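Note sheet for the following structure.
The values are calculated or read from the model by the stated rules, or taken from the named source; none is laboratory data. Quick caveat, the model's predicted, so the values are computed rather than measured. Cβ coordinates were reconstructed from backbone atoms using ideal geometry, including for glycine residues, and neighbour counts include every protein chain displayed.
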Amino acid sequence: MAQEDPRIIELRAMRERARQAGGAERLAKQHAKHKLTARERLDLLLDPDSFNELAPFITQQSDDLNLGGERYLGDGVIIGSGQIDGRTVYVYAQDFTIHGGTLGAMQSRKICQVMDLALRNGAPIIGLIDSGGARIQEGVRSLDGYTEIFRRNAQYSGIIPQISIMLGPCAGGASYSPALTDLIIMVRQHSYMFITGPDVIRAVTGEQIDAESLGGTDIHMATSGLAHLAAAADQEALALCRRMLGYLPSNNIENPPSAPPADDPQRMDDELNVIVPLDPAVPYSMHAVVSKVVDRDSFVELQPAWACNALVGLAHMDGHSVGIVAQEPSVMAGVIDIDAADKIARFVRMCDCFNLPLLTFVDSPGFLPGVEQEHGGIIRHGAKIIYAYAEATVPKISVVTRKAYGGAYVVMNSKYLGSDINYAWPSAEIAVMGAEGAVNILFKKPIAAADDPKAERARLAENYRQHFSNPYYAAGVGAIDDIIEPRETRPRLIMALAALRDKSVATLPRKHGNIPV
Ligand code: HXC
C-alpha cells in the first residue's frame, strides 16, 4: 500500500490541535469550575453526529499590544450547523480556554458568517456565550467586531429565532448581543452579565460588589428581567434550549412545528368552575388556570421571577404552539405596572414575529396608581402593550376570567384593539372602574347629603355592580363574543384556534412603526 500523503497526516494533526483549544491546563480549569468545554456543549445541544464545523483554522490576525501570545486555531469560537430534533440550526460556541472567549476581529468574522448563513437558510441561530467581552489587545477592531454582530442581531430580529445561552462571565459586549436576541437562558452560579464588571465599578465609584450580586442569574431573572429562563447547570440549559425550539418555527415564514397530540382536545376541567372565588377580593392562581387549559405539562413560563403580576409563556393547544399572556391575580392583584407592561409587550411581539397565536387571560383591576409609576413613565410603558397587540396579526383570543377594569380591559387584547375572539367567564367584571371608585366620583354630592352616607354609598355601589360588574353588559354591546363556563375553556379555545389557523391580514405599507420604546 502506498505511503499515506503527509499533507493528510498534517491535516489530522491540525484538527487535533484545534480540538485542544487553549490547552489541557485551561480545559481542566474549565472542568474544575463544573463547566463544560465548548465542544462538549455542542455535543449536548445538537443531535448526535449532526455538527458540521466551519472555519476551524481561523486565527487571530492582530495584536496591537504585542502581547505575543499563541495564535490559537479557531480564535476562541466554534461555529457551524447542526440539527435539533432533525431541524437545522446554526450555532456558535465561545471557547473560554482561548483568551477567555473574548471577541476580536476574526472571532467576530466567524460569528457573523454563521449568522448570515442562518438568515439565508431560514434557520435559528444559537449562541453559547462564555466570554470576557471585547478583546483588549485588538482595540477598536474588537469593538467593531461586536458592532457587526449587534447590527445582525437587530436586522435579523423577527426573521429567524435567536437564542442566547449564557454559560460564563459575559462581560461588556458579550451581554449586548444577547439583549438583542429573543430568548436568554442563564446558568446559576456560572453566568454573569454586566456592562461594567466589579473591578471597573470599584475603580470608578468605589462601590464594592461581587459578580453574582451585580449580574448573576438570580439578578437577571428577578430584578432586571433580562433573562427568560434559568438552569442549574450547562446540561440543563442546553436541554432547555432544545425544548424551546420545539415551540418555535425556524423562521418567520414557517408555522411553528406541531407536537404529537398528547392530551384530549375535548377535555373539560370541572375544577375551573370553582377556581374563581365568589369574593372578588380573594385571589386565585392564574398559573393553575393556564395549566388546566393547555395541553398537559406543555406550559413553559418565561421570566417567571420578574414582574410576577404578569405571566407569559409558551404552550401547546392540541399539539400546536401558542403564546400565553395573563395577569396573575395572586400577585399585586394582577395590576399592570411598568415592568409588567414591558414583559407583556415584548412577549406579544415575539409571538407575532414567529406566528404563534396569542391566548390572553385577563384578570386585572387596572394600571398601578402612584407617583412612582406615573413619573417612571407608566403611560409610555403601558402604551407598548396597546401597540404590540394592535400590530400583531397572529390569531388573537382572550378570556376575561374576572376583573377587566379601565385600561387593563382595553390593553389586554380587547375586541376593538383587533382581537379575533373574546370570551368571558360568568365571573367577569368589565367596567371603566371598580364600583367604589365609580360611585365616589359619580355620586359625591348625593352621598354627602344622605342621612347615612355609608349606607347610601353601599347601595349605589351594589346598583353599579348589578349594572356593570358582570359580562352581560359587555356581551350585550358586542365587546364579548360569548360567555362560557370555565370548564369548557379548553375545547372552546381549541375550536377557535382551529378556525383561525388560516388567518391572513394585509397590513398597510410603511417602513416600520414607531413603538414607544
Ligand atoms: C483580553 C481577556 C479579557 C479581555 C479576560 N481575558 N478578559 N483578554 N481581553 N477583555 C483573558 C485573561 O487574560 C486570561 O488569559 C483569560 O482571558 C481568562 O481570564 P481570567 O481573568 O484568568 O479568568 P477568570 O478569573 O475566570 O475571570 C474571567 C473574567 C475576567 C471575569 C471575564 O477576566 C474579567 O473581568 N475580564 C474583563 C471583563 C471586561 O471588563 N470586559 C469588558 C470589555 S469592554 P490567559 O491567557 O491567562 O488564559 C467591552 C466593550 C464592548 O466588551 C462594548 C460593546 C457595547
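Just to check your reading of the model, which residue among D199, D218 is under 18 Å from the mean Cα position of the chain (by Cα), over 24 Å from R349 (Cβ atoms), of a type outside the set (F, W, Y) and in a helix (DSSP H, G or I)?
Going through D199, D218 in turn, just one is under 18 Å from the mean Cα position of the chain (by Cα), over 24 Å from R349 (Cβ atoms), of a type outside the set (F, W, Y) and in a helix (DSSP H, G or I): D218.
Which residue out of T196, T223 is within 16 Å of the ligand (Cβ to nearest atom) and more than 21 Å from V89 (Cα to Cα)?
T196
What pairs come out if I take residues in segment 123-148 that are under 21 Å from A38 (Cα atoms) and of a type in the set (S, T, N, Q) and pair them with residues that are assigned to a helix (DSSP H, G or I) and near the ligand (Cβ under 8 Å from one of its atoms) whose C-beta lies under 7 Å away, six or more apart or interchain?
These pairs meet every condition: S131/G100; S131/G101; S131/A174.
Conditions tested, residue by residue: (1) away from the ligand (no atom under 16 Å from the Cβ); (2) among the aliphatic types (A, V, I, L, M); (3) more than 18 Å from K33 (Cα to Cα); (4) out of contact with any Phe, Trp or Tyr (no Cβ under 6 Å at 6 or more places or on another chain).
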| site | (1), (2), (3), (4) |
| --- | --- |
| M166 | no, yes, no, yes |
| P169 | no, no, no, no |
| Q189 | no, no, no, yes |
| I201 | no, yes, yes, yes |
| I209 | no, yes, yes, yes |
| D218 | yes, no, yes, yes |
| A231 | yes, yes, no, yes |
| A237 | yes, yes, no, yes |
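What single numbered condition from (1) among the aliphatic types (A, V, I, L, M); (2) closer than 24 Å to E40 by Cβ; (3) surrounded by fewer than 24 Cβ atoms within 10 Å (Cβ to Cβ) fails to hold for I126?
(3)
S364 - would you say it is of a type in the set (S, T, N, Q) and more than 22 Å from the chain's Cα centre (by Cα)?
No: the conditions fail for S364.
Of the conditions (1) closer than 19 Å to L143 by Cα; (2) surrounded by 17 or more Cβ atoms within 10 Å (Cβ to Cβ); (3) touching a residue at least 40 places away in the same chain (Cβ under 8 Å); (4) not hydroxyl-bearing (S, T, Y), D75 satisfies every one except a single condition; which number is it?
With respect to (1) closer than 19 Å to L143 by Cα; (2) surrounded by 17 or more Cβ atoms within 10 Å (Cβ to Cβ); (3) touching a residue at least 40 places away in the same chain (Cβ under 8 Å); (4) not hydroxyl-bearing (S, T, Y), D75 is out only on (3).
Output the residues belonging to segment 9-48 that are within 28 Å of the chain's Cα centre (by Cα) and within 19 Å of Q60 (Cα to Cα).
A38
Rundown of residues vs (1) out of contact with any strand residue (DSSP E or B) (no Cβ under 7 Å at 6 or more places or on another chain); (2) exposed (fewer than 14 other Cβ atoms within 10 Å of the Cβ), yes/no style:
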residue	(1), (2)
K33	yes, yes
E40	yes, no
D43	yes, no
E53	no, no
E70	yes, yes
G80	no, no
I84	yes, no
T88	no, no
A118	no, no
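Pick out the one residue from L117, L46, L128 that is in contact with a Lys or Arg (Cβ under 6 Å, 6 or more places away or on another chain) and not acidic (D, E).
Details: L117 fails: in contact with a Lys or Arg (Cβ under 6 Å, 6 or more places away or on another chain); L46 fails: in contact with a Lys or Arg (Cβ under 6 Å, 6 or more places away or on another chain).
Going through L117, L46, L128 in turn, the sole match is L128.
If I filter segment 87-101 down to residues being over 17 Å from L36 (Cα atoms) and either among the β-branched types (V, I, T) or at pLDDT below 95 (or both), which single residue comes out as nearest to the ligand (Cβ to nearest atom)?
So in segment 87-101, the residues over 17 Å from L36 (Cα atoms) come out as 87-90.
Cutting the leftovers down to either among the β-branched types (V, I, T) or at pLDDT below 95 (or both) gives us 88-89.
Numbers: T88: 30, V89: 26 Å.
Filtering first and then ranking leaves V89.
Mind listing just one residue for me: the one in segment 112-158 that is acidic (D, E) and either within 14 Å of the ligand (Cβ to nearest atom) or at pLDDT below 95 (or both) and, of those, nearest to the chain's Cα centre (by Cα)?
D130
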